[in-house]
Every structure is written in structure tokens, then in C-alpha cells.
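J.: There's a structure below that I have some questions on.
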Amino acid sequence: MTPADSVPKQNYEVMRWLLLIIPWLWMCNVDNTRHRNDIHVSEPVSEATDDFCISKDEKQLIQLINSYRRKKGLKSVPVSRAMSLVADKHVRELNDEIKDLTHSWVDCQYKSSNPKTYECMWNKPKEIAGYPDRGYECAFGQWGASFSPEDVLKGWQDSKGHNQIIVNKGIWKDSDWKAIGVAIYGNYAVLWLGETKDTSERPPFCD
């Protein structure tokens with residue numbers, strides 16, 4: 001995918017929507033089936049689940065992201081039930097079914113070279129959780145070793161494209177993030193951001 005810093009000016013408005021960030025990944029030369037026990041994993045949820053909650057590590061990741069934004073003079077992004085549900089569903093598909101770091105879904109095959117595949121990905125928040133706008137994703141993957149919420153944010157900070165979406169730089173400078181959701185599961189972590197306020201009740205944090 002075209003890096004954010006190489007987008008021609010004439011394609012700015014197009015790439016403003018098309019860029020979903022090439023996922024940054026840490027590859028370790030060890031068995032990728034190694035069990036990780038440091039990340040709390042909540043039970044599967046759906047948009048109709050009443051007892052959905054945000055795990056301790058997911059809460060920490062949100063706090064780290066918002067703290068980082070505040071240090072950059074930006075406001076914190078409110079936790080969104082819709083974005084949290086979308087993040088949870090996608091991270092589980094990535095780990096359990098797709099088994100690859102991608103913006104694809106089981107029913108939505110994303111290809112960076114084919115703009116026709118972008119729309120279904122953008123519209124997942126609406127499809128899954130009734131969110132009234134598009135959503136944008138950053139993804140993280142690591143195999144063969146455990147990782148922490150700090151590792152996830154550090155990975156995104158070290159990747160120019162990921163960092164720009166989080167702190168509203170580059171083609172994301174005019175974005176006003178009003179909804180955030182994260183999920184951590186298995187070998188993956190994902191972040192979803194949206195520009196429309198989520199008016200549904202915020203999901204609770206797990207005990």
C-alpha cells in the first residue's frame with residue numbers, strides 16, 4: 001500500500017479514505033503456537049450481547065493511547081461500544097479463522113490493490129454494531145512470544161503510518177476522532193477509530 005508520506009497531492013482526498021495503514025508486525029523465530037497467558041481474553045461477544053466488557057489489558061491500551069494523544073496536545077477519544085464490538089469480532093477472526101495480519105474479514109476480502117474491496121471493511125462498524133459512520137483500523141500481530149499493551153502501542157508509535165492515524169498527522173490531520181475501541185486476543189491486537197460520536201452506552205470494564 002502507498003505509504004502516507006508518499007501520497008501525491010492530487011490523490012489526497014482519495015487516499016484520505018483509502019489508507020488503512022499497513023499493519024506493523026513483530027515476527028519471532030520461535031513456535032507461533034506458544035501459549036500466552038499474560039493477556040486477559042474475554043468471552044466471545046456479538047452486537048446483541050448484554051454482558052460484554054473491556055478486559056484489563058484492553059482498558060490499559062486505551063488509556064495508553066489517550067495518554068499519548070494528550071501528550072501531543074490532543075484530546076482523549078471516548079470509548080465506543082460499537083468500535084469495541086467491531087474490534088473484538090475482528091481480532092477473533094484474525095486469530096481463530098484468518099490466521100494472518102490483514103484488514104480482511106471472513107466475509108470481506110480486503111486487497112490494497114482493489115478499491116472495490118475497501119467499502120465492506122469501512123462499513124463493518126455499521127454492519128456489526130449500528131455505528132452511523134465508517135471506521136478505521138490499526139492492527140498488530142506477534143507470534144511465538146507474549147506481548148503487553150505497552151508493546152502494542154510502541155509498535156504503532158514506531159510505525160509512521162500507524163502513529164499518524166493515532167495522533168492526527170499526515171492525511172489524518174483533519175480527522176476528529178470521537179470513538180475508540182480496542183481488542184486483544186491470541187496473537188493480535190486491533191484499534192478502531194471513528195469520527196462520529198457513539199451515543200450507545202459505553203461497555204463496562206471487566207472486574
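J.: Where the second residue is buried (at least 16 other Cβ atoms within 10 Å of the Cβ) and of a type in the set (V, I, T) and the first is in contact (Cβ under 8 Å) with a residue 60 or more places away in the chain and in a loop (DSSP other than H, G, I, E, B) and lies in the stretch 117-139, which pairs have Cβ atoms under 9 Å and are six or more apart or on separate chains?
T.: Correct list of pairs: Y131/V86; Y131/T196; P132/T196; D133/T196; R134/T196.
J.: Please state which of the following conditions S175 fails to meet, knowing it meets all the rest: (1) over 15 Å from the mean Cα position of the chain (by Cα); (2) modelled with pLDDT of 95 or more; (3) of a type in the set (G, A, S); (4) more than 19 Å from R70 (Cβ to Cβ).
T.: It is condition (4) that S175 fails.
J.: Now for a separate question. For the stretch 119-167, which residues satisfy the criterion of being open to solvent by 10 Å² or more (accessible area, probe 1.4 Å) and among the acidic types (D, E)?
T.: If the condition is that a residue be open to solvent by 10 Å² or more (accessible area, probe 1.4 Å) and among the acidic types (D, E), then E119, E127, D133, E150, D151, D158 are the ones that fit.
J.: Mind listing whichever residues of the stretch 67-88 are hydrophobic (A, V, I, L, M, F, W, C) and either open to solvent by 10 Å² or more (accessible area, probe 1.4 Å) or not in a loop (DSSP other than H, G, I, E, B) (or both)?
T.: Hits for the stretch 67-88 are L74, V79, A82, M83, L85, V86, A87.
J.: Here is a list: I165, I171, I180, I184. Which entry is in contact with a helix residue (DSSP H, G or I) (Cβ under 9 Å, 6 or more places away or on another chain), under 24 Å from K99 (Cβ atoms) and of a type in the set (V, I, T)? First the steps, then the outcome.
T.: Values: I165 fails: under 24 Å from K99 (Cβ atoms); I171 fails: under 24 Å from K99 (Cβ atoms); I180 fails: under 24 Å from K99 (Cβ atoms).
Only one candidate qualifies: I184.
J.: Ok, one more. Working only within the stretch 178-206, note down all residues that are over 21 Å from D57 (Cβ atoms), part of a loop (DSSP other than H, G, I, E, B) and within 15 Å of the chain's Cα centre (by Cα). Even if it seems obvious, please write down each step before you answer.
T.: In the first step, residues of the stretch 178-206 are kept if they are over 21 Å from D57 (Cβ atoms); the result is 178, 194-201.
From what's left, part of a loop (DSSP other than H, G, I, E, B): 178, 195-201.
If the condition is that a residue be over 21 Å from D57 (Cβ atoms), part of a loop (DSSP other than H, G, I, E, B) and within 15 Å of the chain's Cα centre (by Cα), then K178, E195 are the ones that fit.
J.: Please go through the stretch 89-102 and pick out each residue that is open to solvent by 10 Å² or more (accessible area, probe 1.4 Å), within 15 Å of the chain's Cα centre (by Cα) and either at pLDDT 95 or above or not aliphatic (A, V, I, L, M) (or both). Reasoning before the result, please.
T.: Here is the first cut: in the stretch 89-102, the ones open to solvent by 10 Å² or more (accessible area, probe 1.4 Å) are 89, 92-93, 95-102.
Now narrow it down to the ones that are within 15 Å of the chain's Cα centre (by Cα): 89, 92-93, 95, 100-102.
Correct list: K89, R92, E93, N95, D100, T102.
J.: If I filter the stretch 48-56 for residues that are modelled with pLDDT of 95 or more, of a type outside the set (S, T, Y), under 20 Å from V152 (Cα atoms) and assigned to a loop (DSSP other than H, G, I, E, B), do I get at least one hit?
T.: Scanning the stretch 48-56 turns up no residue that is modelled with pLDDT of 95 or more, of a type outside the set (S, T, Y), under 20 Å from V152 (Cα atoms) and assigned to a loop (DSSP other than H, G, I, E, B).
The values are calculated or read from the model by the stated rules, or taken from the named source; none is laboratory data. All values reported here derive from a predicted model rather than from experimental measurement. Cβ atoms come from the backbone with ideal geometry, glycine included; neighbour counts cover every protein chain shown. Ligands, DNA and RNA are excluded from the accessible area calculation, which covers all protein heavy atoms including side chains. Shrake-Rupley method; radii C 1.70, N 1.55, O 1.52, S 1.80 Å.
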